[in-house]
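Asks: Please find one structure pasted underneath; my questions will follow.
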Amino acid sequence: MSSQNSQKPVLQALPLKTVTLRLTPAVLVLLAVTLMALHRADTLPVERLRTAAMDMTGPVLTAVSAPFNAFFDQLESVTTIRDLKAENIRLTEENVRLQKWYESALKLQAENQSFRELLNVKADPALTFVTARVISDAGGTFVKSVLLPVGIQDKVQKGNAVMSGHGLVGRVTEVGQSSSRVLLVTDLNSRIPVILQNTRTKAILAGKNQELMKLERLPPDSGMTVGTRVITSGDGGQLPPDLPIGTIVSTGADGVWVKPLSDIDRLTRVQVVNAEMDQTLLTGEITPPSENKK
Amino acid sequence: MTPVWNESFLRIVGRWGLALIVLFFLFVLSAFPFRIAHLGEVRPVFMLMAVYYWTILRPVPPLAVFMVGLALDLLSDYTFGMNALILVAAQWLTGSQRKFLLGQSFLVIWAGFALIALGAGTVQWLLFTLFNLALVPAKPMLISVVLSTFLFPLLVLPLSAVHKALADDPSSVA
């Protein structure tokens, strides 16, 4: 500090550019802290700014990532050729197994259909999909999120579920005109209402910024076994029910841990599920009772 | 004081253009979805390398560093202002040691970067732990610091190329 003070007369003689060079760090640090505090207090303005930035950078990122993607595609195809024989054997075996599953699925489908007709079940709303390539890994070390080049113009809505081939990977948290941001299920702030497929036990699946997710709010003695599939419950109306997420991999004293079905660390293409959602749950606006009576 | 606009205007544009291209490249590296497992999670802090190295070689306007940080914040999901804070603070700290670092060997500069990266990572980790009121795993951050340190010499090549191009530039602050 003292060296700066001694240079003061020199500073005054220098052009404005040099003065701003030396004086601003402290002010800027304060400004950054203020911005952070403002963002913590009210996320909406930043969200709007981000959505605008997202729409602007989306096409640029898509264009820039094209050569990188081509390189990775090439790399993948090389390794694929090498493993072709082993892959073929694996697929043949899997095909035999799946044939059996296919038979039983057909039988169950017919059975299900007849039960539905017997009980007069109201059908779940049909799901529609938009497939998109991941254009940016927006999170990094502390946040797990990605950017997609689809937005409002593709009928993507805030809260939509995002799937990769095998299971749920996240939820749309911000939507721009032509881009959207997805919070991944492994993020520390991700909480998803789930049920265990075999016992129908309800729980909350919490991200921990790690590879595995933790099941929380489990009823005591819920008889968890390794290998049980975890699916969305649809509670809260945000996500459609019955989307697979992961399987239980450990049930130790440190809690029940779930491994995601998709390879969340290297997502390339994902599908945004545009389900019909209860809009009142999203907006928080409840229809006044007087209107309900009509 | 009058810059030689007429004769070297295009050259100046070219030189600053090189700086912008390198900056843009670093941006892409900071956001590109790598298809290698966990690489996104332990992504090296490319922008910090540039800020550190360029601060030693030449005084970069803090406002520019601040704006770059804000741009990174918009692109990422971090609390708005966090990258700006980290980069400006790192520049401030580096700037205060600039005279010492200028005369040192590359090894010392490299070690300095490791310290700055560790400091920046720790501050970020502390802030995230504070904001989430939960202990955020620190391991990815530590791996990122180690990875950044190892990659630093590689990135110094394009960074010093930009420096050299700008050092010849009579209109720039040397």
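Asks: Quick one: what do you get for segment A:118-186 if you divide its Cα Rg by 2.2 N^0.38 Å?
Replies: 1.29
Asks: Give A:K144/A:K259; A:K100/A:K259; A:K107/A:K202; A:K208/A:K259; A:K155/A:K202; A:K144/A:K202 a once-over and call out the pairs whose C-alpha atoms are over 20 Å from each other.
Replies: Going by Cα-Cα distance, A:K100/A:K259; A:K107/A:K202; A:K155/A:K202; A:K144/A:K202 fall outside the 20 Å limit.
Asks: Shifting gears a bit: For labels at A:Q74 and B:V123 in the simple 7 Å Cα→Cβ model, what's the distance in nm?
Replies: Modelled inter-label distance: 4.0 nm.
Asks: Another question, then. If you take the square roots of the eigenvalues of the alpha-carbon gyration tensor of chain B and sort them as a ≥ b ≥ c, do you get rounded (a/c under 1.5), prolate (a/b over b/c) or oblate?
Replies: The shape class here is prolate.
Asks: Can you compute the FRET efficiency between A:L106 and A:F129 using 1/(1 + (r/R0)^6), with r the Cβ-Cβ distance and R0 = 30 Å? Round to the nearest 0.05.
Replies: 0.80
Asks: Report the label-to-label distance for B:V13 and A:E211 in nanometres (one decimal), using points 7 Å from each Cα along the Cα→Cβ vector.
Replies: Result: 5.2 nm between the two label points.
Asks: If you don't mind, another one. GNM, chain B, Cα, under 10 Å: largest mean-square fluctuation among B:S148, B:S30, B:S105?
Replies: The residue that fluctuates most here is B:S105.
Asks: Give the A-B buried accessible area in Å², both sides summed, 1.4 Å probe, nearest 100.
Replies: For A against B, buried area totals roughly 4700 Å².
Asks: For a quick check of understanding: with a 1.4 angstrom probe and all protein chains in place, what accessible area in square angstrom does A:K202 have, to the nearest ten?
Replies: 110 Å²
Asks: Now, a different point. Using only the Cα atoms of segment A:17-136, build the gyration tensor, take square roots of its eigenvalues as a ≥ b ≥ c, and label the shape rounded, prolate or oblate: rounded if a/c is under 1.5, else prolate if a/b is larger than b/c, else oblate.
Replies: It comes out oblate by the Cα gyration axes.
Asks: Determine, from the Cβ-Cβ distance of A:D254 and A:A86 and an R0 of 22 Å, the FRET efficiency 1/(1 + (r/R0)^6), rounded to the nearest 0.05.
Replies: With a Förster radius of 22 Å, E is 0.05.
Asks: Whole number please: convex hull volume per residue, Cα atoms of segment A:83-132, in Å³.
Replies: 87 Å³
Asks: For segment A:66-167, what are Rg and Dmax over the alpha carbons, in angstrom?
Replies: Gyration radius and largest Cα-Cα distance of segment A:66-167: 20.5, 56 Å.
Asks: A further question follows. Go ahead and estimate [θ] at 222 nm for chain B from helices alone: -39,500 (n - 2.57) per DSSP H run with n ≥ 4, summed, over the residue count, rounded to 500.
Replies: Theoretical 222 nm ellipticity from helices: -25000 deg cm²/dmol.
Asks: Could you give the length gained on full extension between A:T247 and A:Q99, defined as 0.36 nm per residue of separation minus the Cα-Cα distance, in nm?
Replies: Full extension of this stretch gives 51.0 nm more.
Asks: On to the next question. Under a plain spin-label model, where a point goes 7 Å from the Cα along Cα-to-Cβ, how far apart in nm are B:L130 and A:F115?
Replies: My value for the distance between the label points is 5.4 nm.
Asks: Moving to a separate point now. Which whole number in µm²/s is D for segment A:179-249 by Stokes-Einstein, with the Kirkwood Rh taken over Cα pairs at 10 °C and 1.306 mPa s?
Replies: Value of D from the Cα-based Kirkwood radius: 128 µm²/s.
Asks: Can you check what the net charge comes to around A:I248, using other residues whose Cβ is under 10 Å from the Cβ of A:I248 (Lys, Arg +1; Asp, Glu -1)?
Replies: My count for the surroundings of A:I248 gives +2.
The values are calculated or read from the model by the stated rules, or taken from the named source; none is laboratory data. Just so it is clear, the structure is predicted and the values come from calculations on it, not from any experiment. Quick reminder, even Gly has a Cβ in these numbers, built from the backbone with ideal geometry, and neighbours come from all protein chains shown. Each accessible area value is taken on the protein alone, full model and side chains, heavy atoms only, with ligands, DNA and RNA left out. Shrake-Rupley method; radii C 1.70, N 1.55, O 1.52, S 1.80 Å.
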